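I have placed the structure first, in the form of structure tokens, so that the comments after it can refer back to it.
Every number in this text was worked out from the coordinates using simple rules, so none of it is lab data. On a predicted model such as this, the values are computed, not experimentally measured, just so you know. Because the Cβ atoms are built from the backbone with ideal geometry, glycine has one as well, and the counts that use them run over all protein chains shown.
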Amino acid sequence: MLLLILLCNDVAENPGPYENEISIFHLNARSVRTKLEYIETLALGSSIVYITESHLDETIFSQDIHIDGYHQELYKMIGTALAGGVLVYVSEILKTKRRLDLEFENGELIWLEIDFPQHKILLCAVYRSPGSSHPFWQNFKHSIEQAYNYTTKIVITGDLNVDLFTEHNHVLNDLMNIFCLQNVVKVATRFDNRSGRATLLDPILISEDCCATFTEVIDINRQMSDHNATKVYLRIPNFSEKNFTRTIWLYKHADFTRFNNDIQNLIGKLL
């Protein structure tokens with residue numbers, strides 16, 4: 001029976017995180033409220049889930065958008081005029097705290113500190129709207145400087161609305177050079193259906209002391225977002241998560257016609 005269900009493509013096997021690794025997922029969702037199930041499926045097994053352009057307000061509570069396997073209390077940064085915003089889910093097995101001292105006024109970003117047995121990592125999820133003023137970059141530079149005063153293990157991801165394919169003289173490139181940050185995303189992350197233009201707006205920037213073992217860009221249903229998702233796996237020495245395997249049944253996506261035909265064929269063979 002399990003074999004038949006697997007053939008219907010309505011089940012995903014989640015092997016859990018690898019030992020000595022964590023994974024960080026990011027998606028510009030352009031609103032979370034009606035896409036939670038889709039996001040949960042995409043980000044399944046990720047240690048940390050970053051959502052930019054969450055489009056939340058004070059009327060949406062953590063329990064309204066909770067995902068199983070993650071801490072009940074979410075980290076949220078409310079955007080302006082129901083636009084923008086940052087949302088962070090953290091796996092129940094990770095110990096984190098928000099670093100408000102690294103954030104700045106009118107900046108849509110969340111800094112998190114993760115405690116591991118032998119070191120700490122600072123993670124930043126950031127959204128910069130296309131119309132952000134120049135002080136954003138000055139403040140962001142100061143924020144990164146302060147983070148480096150605490151640790152040299154830093155990861156920054158999100159939607160900065162800077163096309164790293166074409167804007168080679170942008171201040172973001174200067175910051176990457178100053179702080180020795182490497183972008184591990186090498187392909188387009190946003191697609192404009194009208195112009196056909198593909199851009200790289202969603203980088204994953206890691207410091208020299210962080211080790212990325214694998215990076216992927218995940219195709220997204222264009223009805224959900226015009227951005228693709230990104231995911232990076234980081235090696236964390238001497239860190240072991242509780243590995244598990246679980247089966248997720250996605251009945252909404254099942255091919256029941258094929259399922260019934262397979263059952264009838266199996267019954268016919270048994271008879």
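Results, tabulated for the structure shown:
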read-out: The range 105-188: relative contact order as a whole-number percent, Cα under 8 Å and 6+ apart; value: 27 percent
read-out: Efficiency of FRET between residue 118 and residue 142 - r from beta-carbon atoms, R0 30 angstrom, step 0.05; value: 0.60
read-out: Gyration tensor (alpha-carbon) shape descriptor, the range 48-204, a/c threshold 1.5; value: oblate
read-out: Using alpha-carbon coordinates, inclination of helix 256-270 to the longest axis of the chain, degrees; value: 40 degrees
read-out: Cross-link table 35/120; 35/76; 95/153; 97/120; 97/153, entries beyond 22 Å C-alpha to C-alpha; value: 35/120
read-out: The chain: most fluctuating residue of 198, 229, 125 per GNM, C-alpha cutoff 10 Å; value: 198
read-out: Relative contact order %, the chain, counting alpha carbon pairs below 8 Å whose residues are six or more apart; value: 24 percent
read-out: Gain upon complete extension [residue 166, residue 33; 0.36 nm per residue less C-alpha separation]; value: 44.6 nm
read-out: In degrees, nearest ten, helix 135-148 long axis to first principal axis of the chain (Cα); value: 80 degrees
read-out: Cβ-placed point charges (K, R +1; D, E -1), dipole of the chain about Cα centre in debye, nearest 20; value: 380 debye
read-out: Simple label model, 7 Å out from Cα along Cβ direction - residue 255 to residue 72, nm; value: 4.2 nm
read-out: Overall form of the chain per C-alpha gyration tensor (a/c, 1.5; a/b vs b/c); value: prolate
